[in-house]
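Chemist: Here it is, the structure, as structure tokens.
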Amino acid sequence: MNSPADIEIMVRYLGIIRLLTGRQTDLLTLPAPVSVKDVAAALKQQLPPAVYTEIGRQALLLSAALHQPGIVISWTADADRALQSGNCLTIVTPVTGG
Amino acid sequence: MNCGYCGKIARINLTTGKVTVEALELDVARNYIGGRGLNMRRLYDEIPAKLPGMHPDNKLFFAVSPLVATLVPGAGRFNVSAKSPQTGILGDSNAGGFFGAELKFAGFDQLIIEGQSAKPVYIYIHNDQIELRDARHIWGQDIWETQRIILQELRDARVQVAAIGLAAENGVKFAGIFANLVRAAARTGMGAVMGVKNVKAIAVRGTKPVRIAHPQEFAALLQQIDKAIYAHNEFPTRALMGTTKLVHALNEAGCLATRHFQTGRFAEAEAVSGEALAETVKIKSKACFSCTIPCSRFFHITQGRFAGLQSEGPEFEGLAGFSSRVGVTDLASSLKAVDLCNRYGIDVISTSEMVSFVMELYEQGIISSKEADGLDLAWGNVDTVLTLIEKMAKREGFGDILADGVKEAASKIGRGSEKYAFHVKGLELFQADPRGLKAYALGYAVASRGGDHLRSEPSFEFSNDAAAGEALYGHADAAFRLKYKGKGRVVKHYEEWCVLSDCLEICKNTVVNMEIINFDLAAQLMAAATGQDFSGAGMQQICERVVNLERAFNVREGITRKDDTLPNRFTHEPLPADSGPSSGSVVELEPMLDEYYQARGWDVTTGIPTAQTLERLGLDRELADLKKLGFVDE
């Protein structure tokens, strides 16, 4: 059972991460307060090292909830950014030429 | 000239049936490399100004490069060029697959196809032998059946075929030339030119070697390139998804063309995404000749209305074109629409604009269902999408009005429909909303073949590296897609990089998109292959020369700054609030154009190359021509 102080963060996988993990989302339950670097640490524990390495090469979006439009953030520059329960972090292929 | 180049050009006159083999001129090869550069030189020299694209005197130029058919990854492409019947300016397109390499193995750097055959023929090239064969029994067949019949007839499955479909036979102005069934040289109507000439296909088989001047140095460079590819951030994504990765990527960025660019975010993107395709119907990845990035995909649909459909691809342009752009929410239906285009031989970008254009006209009350042969033109109607494709390819009913492209269609329909015709210089735009990609927006506006992304691909604007923006392009904003300063210099540089890709006939994946083959590395490859001296700066100057030669060709046709524009929606209507990170954005085109012309050394008022620029690039004849025509002051 979650503690009232727990925060739920949805992680949505697109692109190569989704194809490598075979998963579209993971719902992480983490003790409050939660920042971007806490999510990164949780993913590092859950994912195979090669997949986790790939995450650093993808773009990261933060949205208020799943399927809401997001803003671009960075695992490093925004590491201390606080997250709210219900927030969604989307890991997506960066836009490049095609 | 016996290393890298074949040293030979085949001139095929369809009117007389005469084939002449000419030597490739050393100075032309040196100044234009190959591929697009070689074709543009011929186009300027051999096509008189104002010649209509559908005129039998128009010529088709096919060219490869000194690196084609070597083991350089992605170096198996070919360019095909002519006066465009769709735009009235230069026409040019290229494709991958295996046709380009086979043409090189047959011993030719370039084909020049002129005149008009009295009856349908196909051209069969088998090393030095070139013959015109009766194609009356193939005329009317689709791209797939055409290839099947020719391979059976020639009894050699190793023959590579580039063909036209029914659309080109019917004079559809956005018909392309398709190699290996789905490798489309689709833009600017090169298939329509081939159709006018009564050439159904070119079949080629070659067994000659490609000589490399310094094999050890060349092999070392190949290892360096392969190593860079495998270590690249994007390699796994491109190998598994190809360009279909862009459906979700652009949707999340808020600039995926949705319902004819009404917004930048498609709520049903997941259903038609590259990820969904990979997870549900993809069978395997596939690569072009000698490429180490298998970015294409075979798919097989096993359930539902389109069960049994098997094909290769699609690229992002087709997938988004027949989903978000027209409101279709079902992957199988999008794949079916792309397959129909491939079989009829029409450009998926232009075709998806035609469909989404009429759907918006219907929504706006400008046209009725009755005018469109009774079709329900509501967004997302799959049957309507498929029927419109067929009607356009066959020029049936309402399809005949659409078959000349969106500019012509709007002119015929009138009633304010021009406002919704999304093209630049007569060429329809692809599936990324320019309001969310400012350098791409500028690239569309100035592209030498009309509105197109593959003339510049200025992906630096996704780097978010302010310091690099300042250092490389004079402004930090150059590194950010929603800002506009510095973009003129970015586009100039990336245009030249794209010319490099097209002159060497190396896929843009490895050149400009992954940024692995730069001008210096290209010079080393050329030196090792040909035994001649090349420098990185010299290679870039060649590419700059090609850009200016193309501009001179277009200026001769009447193109000036007034034509370097974008549809009104992109410069005046902000992306709506549901477009996420791109909401509120419009294109600040005019200041970007000023900066671009300055960077190019073109007159800022007219957009015409100055005398000094043309002289610096050795384009003296072009300068004389433009002076004579009054475009450049004496």
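Chemist: I need every pair where a residue in the range B:154-170 that is assigned to a strand (DSSP E or B) has its Cβ under 9 Å from the Cβ of a residue that is of a type outside the set (D, E, K, R) and surrounded by fewer than 17 Cβ atoms within 10 Å (Cβ to Cβ), sequence separation at least 6 or different chains.
Modeler: B:Val161/B:Leu151
Chemist: While we're on this one: Among the residues of the range A:55-98, how many are surrounded by 14 or more Cβ atoms within 10 Å (Cβ to Cβ) and facing chain B (nearest Cβ under 7 Å)?
Modeler: Number satisfying all stated conditions: 13.
Chemist: From (1) assigned to a strand (DSSP E or B); (2) closer than 30 Å to B:Phe519 by Cβ; (3) of a type in the set (Val, Ile, Thr), pick out the condition that doesn't hold for B:Ile283.
Modeler: So B:Ile283 meets the others, but not (2).
Chemist: So, one more: Please state which one of B:Gly274, B:Gly254 is within 23 Å of A:Val72 (Cβ to Cβ), within 14 Å of another protein chain (Cβ to nearest Cβ), within 23 Å of the chain's Cα centre (by Cα) and of a type outside the set (S, T, N, Q).
Modeler: None of the other options fit; the residue is B:Gly274.
Condition check ((1) in contact with a helix residue (DSSP H, G or I) (Cβ under 6 Å, 6 or more places away or on another chain); (2) within 14 Å of chain A (Cβ to nearest Cβ); (3) part of a strand (DSSP E or B)) across all residues:
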site	(1), (2), (3)
B:Ala409	yes, no, no
B:Ala439	yes, yes, no
B:Leu442	yes, no, no
B:Ser448	yes, no, no
B:Glu457	yes, yes, no
B:Leu472	no, no, no
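Chemist: Taking the condition surrounded by 24 or more Cβ atoms within 10 Å (Cβ to Cβ) and not polar (S, T, N, Q), does B:Leu319 pass?
Modeler: Yes; evaluated as a whole, the condition is true for this residue.
Chemist: Looking at B:Ala467, is it crowded, with 20+ Cβ neighbours inside 10 Å and either in a helix (DSSP H, G or I) or not small (Gly, Ala, Ser) (or both)? Explain how you work it out, then say what you get.
Modeler: Details: crowded, with 20+ Cβ neighbours inside 10 Å: no; either in a helix (DSSP H, G or I) or not small (Gly, Ala, Ser) (or both): yes.
Here the answer is no, as B:Ala467 does not meet what is asked.
To keep it simple, each residue is scored yes or no on (1) among the hydrophobic types (A, V, I, L, M, F, W, C); (2) under 23 Å from B:Ile164 (Cα atoms); (3) at pLDDT below 95.
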position	(1), (2), (3)
B:Asp373	no, no, no
B:Trp379	yes, no, no
B:Val382	yes, no, no
B:Ala403	yes, yes, no
B:Ala421	yes, no, no
B:Ala439	yes, no, no
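Chemist: Among the candidates B:Ile143, B:Ile164, which residue alone is farther than 22 Å from B:Ala106 by Cα, out of contact with any Pro (no Cβ under 6 Å at 6 or more places or on another chain) and crowded, with 24+ Cβ neighbours inside 10 Å? Lay out the reasoning, then the answer.
Modeler: Details: B:Ile164 fails: farther than 22 Å from B:Ala106 by Cα.
Going through B:Ile143, B:Ile164 in turn, the sole match is B:Ile143.
Chemist: Select from the range B:563-577 the residues that are in contact (Cβ under 8 Å) with a residue 60 or more places away in the chain and within 13 Å of chain A (Cβ to nearest Cβ) and write down the one among them that is surrounded by the fewest Cβ atoms within 10 Å (Cβ to Cβ).
Modeler: B:Pro576
Chemist: In the range B:99-122, which residues are within 27 Å of B:Val546 (Cβ to Cβ) and in a strand (DSSP E or B)?
Modeler: Once the filter is applied, which keeps residues that are within 27 Å of B:Val546 (Cβ to Cβ) and in a strand (DSSP E or B), the range B:99-122 yields B:Gln110, B:Leu111, B:Ile112, B:Ile113, B:Glu114.
Yes/no matrix, rows are residues, columns are (1) without any contact (Cβ under 8 Å) to a residue 12 or more places away in the chain; (2) within 30 Å of A:Ala59 (Cα to Cα); (3) crowded, with 18+ Cβ neighbours inside 10 Å:
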{"position": "B:Ser583", "(1), (2), (3)": "no, yes, yes"}
{"position": "B:Val587", "(1), (2), (3)": "no, yes, yes"}
{"position": "B:Thr606", "(1), (2), (3)": "no, no, no"}
{"position": "B:Lys628", "(1), (2), (3)": "yes, no, no"}
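Chemist: Here is a follow-up. Is it the case, given these coordinates, that A:Asp26 is surrounded by 19 or more Cβ atoms within 10 Å (Cβ to Cβ), of a type in the set (Asp, Glu) and away from every other protein chain (no Cβ under 14 Å)?
Modeler: no
Chemist: Okay, moving on. Please work out if B:Val546 is away from chain A (no Cβ under 14 Å), touching a Lys or Arg at 6+ places or on another chain (Cβ under 7 Å) and crowded, with 16+ Cβ neighbours inside 10 Å.
Modeler: Taking the combined requirement at face value, the residue satisfies it.
Yes/no matrix, rows are residues, columns are (1) within 14 Å of chain A (Cβ to nearest Cβ); (2) on the phi > 0 side of the Ramachandran plot; (3) touching a Phe, Trp or Tyr at 6+ places or on another chain (Cβ under 7 Å); (4) not in a helix (DSSP H, G or I):
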{"site": "B:Val490", "(1), (2), (3), (4)": "yes, no, yes, no"}
{"site": "B:Val511", "(1), (2), (3), (4)": "yes, no, yes, no"}
{"site": "B:Met526", "(1), (2), (3), (4)": "no, no, yes, no"}
{"site": "B:Gln541", "(1), (2), (3), (4)": "no, no, no, no"}
{"site": "B:Val555", "(1), (2), (3), (4)": "no, no, yes, no"}
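Chemist: Residues of the range B:598-620 being under 28 Å from B:Val28 (Cβ atoms), within 28 Å of the chain's Cα centre (by Cα) and assigned to a helix (DSSP H, G or I), which ones?
Modeler: Passing the criteria: B:Ala599, B:Arg600, B:Thr613, B:Leu614.
Chemist: Something else about it: For residues that are within 13 Å of the chain's Cα centre (by Cα) and more than 11 Å from chain B (Cβ to nearest Cβ), scanning just the range A:1-22, find the one that is nearest to B:Glu252 (Cα to Cα).
Modeler: A:Val11
Chemist: Taking the condition of being surrounded by fewer than 14 Cβ atoms within 10 Å (Cβ to Cβ), over 19 Å from B:Ala337 (Cβ atoms) and among the aliphatic types (A, V, I, L, M), how many residues in the range B:274-313 meet it?
Modeler: Number satisfying all stated conditions: 1.
Chemist: Another one. State the number of residues belonging to the range B:263-318 that are of a type in the set (D, E, K, R), within 30 Å of B:Glu360 (Cβ to Cβ) and without any contact (Cβ under 8 Å) to a residue 60 or more places away in the chain. Walk me through it before giving the result.
Modeler: Initially, the range B:263-318 is screened for residues of a type in the set (D, E, K, R), giving B:265, B:268, B:270, B:275, B:279, B:282, B:284, B:286, B:297, B:305, B:312, B:315, B:317.
Retained after the next criterion (residues that are within 30 Å of B:Glu360 (Cβ to Cβ)): B:265, B:268, B:270, B:275, B:305, B:315, B:317.
In the following step, the residues that additionally are without any contact (Cβ under 8 Å) to a residue 60 or more places away in the chain were identified as B:270, B:275, B:305.
Here the count works out to 3.
Chemist: Oh, and also: Of everything in the range B:489-509, what is within 17 Å of B:Pro66 (Cα to Cα), among the β-branched types (Val, Ile, Thr) and in contact with a Gly (Cβ under 6 Å, 6 or more places away or on another chain)? Give them in sequence order.
Modeler: B:Ile506
Residue-wise test of (1) surrounded by fewer than 18 Cβ atoms within 10 Å (Cβ to Cβ); (2) more than 30 Å from B:Pro294 (Cβ to Cβ).
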{"site": "B:Ile12", "(1), (2)": "no, yes"}
{"site": "B:Arg30", "(1), (2)": "yes, yes"}
{"site": "B:Met40", "(1), (2)": "no, yes"}
{"site": "B:Tyr44", "(1), (2)": "no, yes"}
{"site": "B:Ala63", "(1), (2)": "no, no"}
{"site": "B:Val72", "(1), (2)": "no, no"}
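Chemist: I'm checking my understanding of the structure. Among residues of the range B:578-597 that are within 14 Å of chain A (Cβ to nearest Cβ) and assigned to a helix (DSSP H, G or I), which one is modelled with the highest pLDDT?
Modeler: Per the criteria, the residue is B:Ser582.
Chemist: If you check B:Ala239, B:Ala228, which single one turns out to be among the hydrophobic types (A, V, I, L, M, F, W, C), within 28 Å of the chain's Cα centre (by Cα), surrounded by fewer than 20 Cβ atoms within 10 Å (Cβ to Cβ) and within 14 Å of chain A (Cβ to nearest Cβ)?
Modeler: Only one candidate passes the filter, namely B:Ala239.
Chemist: Can you confirm whether B:Phe422 is within 14 Å of another protein chain (Cβ to nearest Cβ) and closer than 21 Å to B:Cys255 by Cβ?
Modeler: no
Chemist: Pick from B:Asp477, B:Asp520: which is free of Cβ contacts under 8 Å to residues at least 40 places away in the same chain, more than 14 Å from every other protein chain (Cβ to nearest Cβ) and farther than 30 Å from A:Ser74 by Cα?
Modeler: B:Asp520
Chemist: Taking the condition surrounded by 15 or more Cβ atoms within 10 Å (Cβ to Cβ) and more than 14 Å from every other protein chain (Cβ to nearest Cβ), does B:Ala624 pass?
Modeler: Spelling it out, it is not the case that B:Ala624 is surrounded by 15 or more Cβ atoms within 10 Å (Cβ to Cβ) and more than 14 Å from every other protein chain (Cβ to nearest Cβ).
The values are calculated or read from the model by the stated rules, or taken from the named source; none is laboratory data. Everything numeric here is computed off the predicted structure, so don't read it as measured data. Here Cβ is always computed from backbone atoms with ideal geometry, including for glycine, and neighbour counts include all displayed protein chains.
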